[in-house]
Amino acid sequence: MSEFRMPSLGADMDAGTLAAWKVKRGDQVKRGDIIAEVDTAKGIIEIEIFEDGIVDEIFVEVGKKVPVGEVLARICAEGELTIR
């Protein structure tokens, strides 16, 4: 299990607004997949995942301003899922 966190998308970025989720709970993801879009001072930026797994839980709603490092979602291997 791992935590997908708001990445730093620039040297001066301390927060971004979650503009869209490209996945939903239960979706299979692979390294390199675009799973979210974040609105920054530089515009909308696509965010990719760096591991394979399943989206187990999404913690942040679209439109929320989120500090860099905050957990956005939990990614699990199939045997670790909490989805029922």
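The values are calculated or read from the model by the stated rules, or taken from the named source; none is laboratory data. As the structure is a prediction and not an experimental result, all values here were calculated from the model. When we count neighbours, we look across all protein chains shown, and the Cβ atoms used for this are built from the backbone with ideal geometry, even at glycine. Quick note on the areas: whole protein, heavy atoms, side chains included, nothing else; ligands and nucleic acids left out. Shrake-Rupley method; radii C 1.70, N 1.55, O 1.52, S 1.80 Å.
Compute and list, largest first, the equivalent-ellipsoid semi-axes of the chain from the alpha carbon gyration tensor, each √(5λ) rounded to a whole angstrom.
Working: eigenvalues 102, 28, 24 Å².
The equivalent ellipsoid of the chain has semi-axes of 23, 12, 11 Å.
So how do Arg31, Arg74 rank on accessible area, 1.4 Å probe, biggest first, that is with the largest at the start?
Values: Arg31 160, Arg74 45 Å².
I get Arg31, Arg74, largest accessible area first.
What residues have an amide H closer than 5 Å to that of Phe59, excluding those fewer than 5 places away on the same chain, when H is modeled at 1.01 Å from N in the peptide plane?
When sequence neighbours closer than 5 places are left aside, the close amide H contacts are Ala73, Arg74.
Show the residues, 5+ positions off or on another chain, whose built amide H is closer than 5 Å to the amide H of Asp27.
Amide H to amide H, under 5 Å and 5 or more residues apart or across chains, Asp27 pairs with Val55.
Looking at the chain, identify the longest residue range that excludes and avoids all GluC sites (Glu not before Pro) in DSSP loops having at most 13 other Cβ atoms within 10 Å. The partial results should precede the final answer.
On the way: sites that count: Glu51, Glu61.
By the stated rule (loop sites, at most 13 other Cβ atoms within 10 Å), 1-50.
Starting from the range 15-71, pick out the chymotrypsin sites (Phe, Trp or Tyr not before Pro) whose DSSP state is loop and whose Cβ has at most 16 other Cβ atoms within 10 Å. Each step should come with its number before you reach the end.
Values: sites: Trp21, Phe50, Phe59; in loops: Phe50, Phe59.
The qualifying sites are Phe50, Phe59.
Express the carbon and sulfur contribution to the solvent-accessible surface of the chain as a percent, rounded to the nearest whole number, probe 1.4 angstrom.
Numbers: 2390 of 5040 Å².
Answer for the chain is 47 percent, counting heavy atoms of protein chains only.
If each of Asp33 and Glu70 carries a label point 7 Å out from its Cα toward its Cβ, how far apart are those two points in nm?
Each label point is offset 7 Å from its Cα along the Cβ direction, giving 2.4 nm.
Give me, ordered by chain and number, the residues 5 or more places off Glu70 or on other chains with an amide H under 5 Å from its own placed amide H.
Met6
I'd like to check one number: the per residue accessible area of the chain, probe 1.4 Å, reported in Å² as a whole number. Walk me through the numbers on the way to the answer.
Details: 5040 Å² over 84 residues.
Ligands and nucleic acids excluded, the result is 60 Å² per residue.
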